[in-house]
Amino acid sequence: MAEEEAPGAWASKVMVVMAHPDDPEFSCGGTIGKWAREGKEILYVLFTRGDKGTSDPEMTSERLAQIREQEQRAAARTLGVKDVIFLGHPDGGVEDTPEGRGQVVRLLRMHRPDIVVTMDPHRRYWQHRDHRNAATMALDACYPYVRDHLFYPEHKAEGLEPHKVGEVFIAGAEEADTFIDISDSFERKIDALLCHKSQVGDGPREAFVERYRTMGRRLQVKIPEGLQPGMVEAFRRIDYRRR
């Protein structure tokens with residue numbers, strides 16, 4: 001029997017569409033680091049600059065946005081990501097709108113990724129509304145909006161043509177069906193997460209590693225036998241290539 005192809009092995013370009021700085025690193029940083037090392041071109045698209053996520057009473061939204069943008073760019077460099085695009089929506093105010101969806105469609109048509117990675121818009125009980133709305137727009141942009149030229153026809157004036165995304169990987173999905181072993185990129189994922197000092201602090205690396213592994217062991221998703229909790233990232237995969 002032929003060996004099964006590793007998830008995403010066929011692709012050369014990946015776009016990660018999420019809500020905030022640090023969302024990619026927490027949800028799929030190991031996979032991103034793994035794919036970048038394999039030679040894939042990775043692009044981040046973030047709806048916000050994370051201008052509300054602080055408990056510091058002296059912090060301002062604009063200063064926090066600058067800090068988090070710098071942290072995100074540093075984390076992206078650590079993982080081998082080519083570039084980070086911030087769409088400029090307010091933290092806590094990402095709405096599911098035609099304009100927001102059109103921003104994603106435009107970037108998909110411009111950069112033409114094989115794979116899009118986003119979050120689970122239907123995660124139950126504990127869910128940031130920005131995650132829900134950003135993921136909804138990302139999924140809608142992938143199918144059918146980016147594919148059909150009569151959606152957002154103004155893109156034609158920019159020389160942008162319709163595009164067909166091959167696969168979508170939904171990171172942290174409750175009903176996961178695809179599991180990626182990140183044991184060879186786990187340390188790089190931790191390095192990237194530690195770039196987000198405004199969010200994770202600057203305590204000992206070992207304490208953070210143990211905290212992350214504990215989070216992995218608490219995941220409700222049942223991982224396949226042979227993979228270690230905390231050393232695997234789970235996704236729901238949608239394959240559009242046969243449509």
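The values are calculated or read from the model by the stated rules, or taken from the named source; none is laboratory data. Small disclaimer: the values here were computed from a predicted structure and weren't measured. Here Cβ is always computed from backbone atoms with ideal geometry, including for glycine, and neighbour counts include all displayed protein chains.
Yes/no matrix, rows are residues, columns are (1) modelled with pLDDT of 95 or more; (2) touching a Gly at 6+ places or on another chain (Cβ under 8 Å); (3) more than 22 Å from residue 190 (Cβ to Cβ):
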site	(1), (2), (3)
24	yes, no, no
49	yes, yes, yes
52	yes, yes, yes
60	yes, no, yes
67	yes, no, no
80	yes, yes, no
88	yes, no, yes
91	yes, yes, yes
94	yes, yes, yes
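Starting from residues that are assigned to a loop (DSSP other than H, G, I, E, B) and more than 16 Å from the chain's Cα centre (by Cα), keep the ones in the range 158-173 and report whichever is surrounded by the fewest Cβ atoms within 10 Å (Cβ to Cβ).
159
Would you pick out the residues in the range 1-49 that are among the charged types (D, E, K, R), farther than 17 Å from residue 84 by Cα and in contact with a strand residue (DSSP E or B) (Cβ under 8 Å, 6 or more places away or on another chain)? Outline the logic, then answer.
Here is the first cut: in the range 1-49, the residues among the charged types (D, E, K, R) are 3-5, 13, 22-23, 25, 34, 37-38, 40-41, 49.
Narrowing the set further to residues that are farther than 17 Å from residue 84 by Cα leaves 3-5, 34, 37-38.
Listed by number, the list holds a single entry, 34.
Does at least one position in the range 99-108 carry a residue that is of a type in the set (A, V, I, L, M, F, W, C), assigned to a loop (DSSP other than H, G, I, E, B), within 30 Å of residue 149 (Cβ to Cβ) and modelled with pLDDT of 95 or more? Break it down into steps so the answer makes sense when it comes.
First, the residues of the range 99-108 that are of a type in the set (A, V, I, L, M, F, W, C): 104-105, 107-108.
Filter once more, keeping what is assigned to a loop (DSSP other than H, G, I, E, B): none.
The answer is no; no qualifying residue exists.
Give me a count of the residues in the range 7-44 that are small (Gly, Ala, Ser) and either buried (at least 24 other Cβ atoms within 10 Å of the Cβ) or in a helix (DSSP H, G or I) (or both). Before you say what the answer is, go through the steps one by one.
From the range 7-44, those small (Gly, Ala, Ser) are 8-9, 11-12, 19, 27, 29-30, 33, 36, 39; that's our starting set.
Among the residues that remain, those that are also either buried (at least 24 other Cβ atoms within 10 Å of the Cβ) or in a helix (DSSP H, G or I) (or both) are: 19, 27, 29-30, 33, 36.
Number of matching residues: 6.
Working only within the range 103-131, note down all residues that are among the aliphatic types (A, V, I, L, M), touching a residue at least 60 places away in the same chain (Cβ under 8 Å) and under 18 Å from residue 40 (Cα atoms). Break it down into steps so the answer makes sense when it comes.
Here is the first cut: in the range 103-131, the ones among the aliphatic types (A, V, I, L, M) are 104-105, 107-108, 110, 115-117, 119.
Then keep just the ones that are touching a residue at least 60 places away in the same chain (Cβ under 8 Å); that gives 104, 107-108, 115-117, 119.
Residues satisfying the conditions are 107, 108, 115, 116, 117.
Where the second residue is modelled with pLDDT under 85 and surrounded by 14 or more Cβ atoms within 10 Å (Cβ to Cβ) and the first is part of a helix (DSSP H, G or I) and lies in the range 194-210, which pairs have Cβ atoms under 9 Å and are six or more apart or on separate chains?
Listed pairs, sorted by first residue: 194/208; 200/208; 209/230.
When you look at residue 113, is it crowded, with 21+ Cβ neighbours inside 10 Å and closer than 28 Å to residue 238 by Cα, yes or no? Can you show your working first?
Numbers: crowded, with 21+ Cβ neighbours inside 10 Å: yes; closer than 28 Å to residue 238 by Cα: yes.
In short, yes.
Sort through 86, 47 and tell me the only one that's touching an Asp or Glu at 6+ places or on another chain (Cβ under 8 Å), outside any loop (DSSP other than H, G, I, E, B) and surrounded by fewer than 24 Cβ atoms within 10 Å (Cβ to Cβ).
Numbers: 47 fails: surrounded by fewer than 24 Cβ atoms within 10 Å (Cβ to Cβ).
Answer to the selection: 86.
Taking the range 45-102 only, how many residues are charged (D, E, K, R), under 30 Å from residue 160 (Cβ atoms) and touching a His at 6+ places or on another chain (Cβ under 9 Å)?
Step one: of the range 45-102, the residues charged (D, E, K, R) are 49, 51-52, 56, 58, 62-63, 68-69, 71, 73, 77, 82-83, 91, 95-96, 99, 101.
Filter once more, so that each one left must be under 30 Å from residue 160 (Cβ atoms): 49, 51, 68-69, 73, 77, 82-83, 91, 95-96, 99, 101.
From the residues that got through so far, the ones that are touching a His at 6+ places or on another chain (Cβ under 9 Å) too are 49, 68, 91, 95.
The qualifying residues number 4.
If you take the residues in the range 180-191 that are in contact (Cβ under 8 Å) with a residue 40 or more places away in the chain and closer than 16 Å to residue 24 by Cα, which one is surrounded by the fewest Cβ atoms within 10 Å (Cβ to Cβ)? If you could, list the steps in order and put the result at the bottom.
Applying the first criterion (in contact (Cβ under 8 Å) with a residue 40 or more places away in the chain) to the range 180-191 yields 180-186, 188-189, 191.
Cutting the leftovers down to closer than 16 Å to residue 24 by Cα gives us 180, 182, 185-186, 188-189, 191.
Values: 180: 20, 182: 23, 185: 24, 186: 23, 188: 20, 189: 25, 191: 17.
Going through the qualifying residues, I end up with 191.
Of (1) more than 30 Å from residue 151 (Cα to Cα); (2) over 16 Å from the mean Cα position of the chain (by Cα); (3) not acidic (Asp, Glu), residue 34 satisfies all except one. Which?
Result: residue 34 fails condition (2) only.
Given the residues 131, 155, 149, which is the only one that is within 13 Å of residue 17 (Cβ to Cβ), at pLDDT 95 or above and not in a strand (DSSP E or B)? Before the answer, list the steps.
Numbers: 155 fails: within 13 Å of residue 17 (Cβ to Cβ); 149 fails: within 13 Å of residue 17 (Cβ to Cβ).
After ruling out the rest, the residue left standing is 131.
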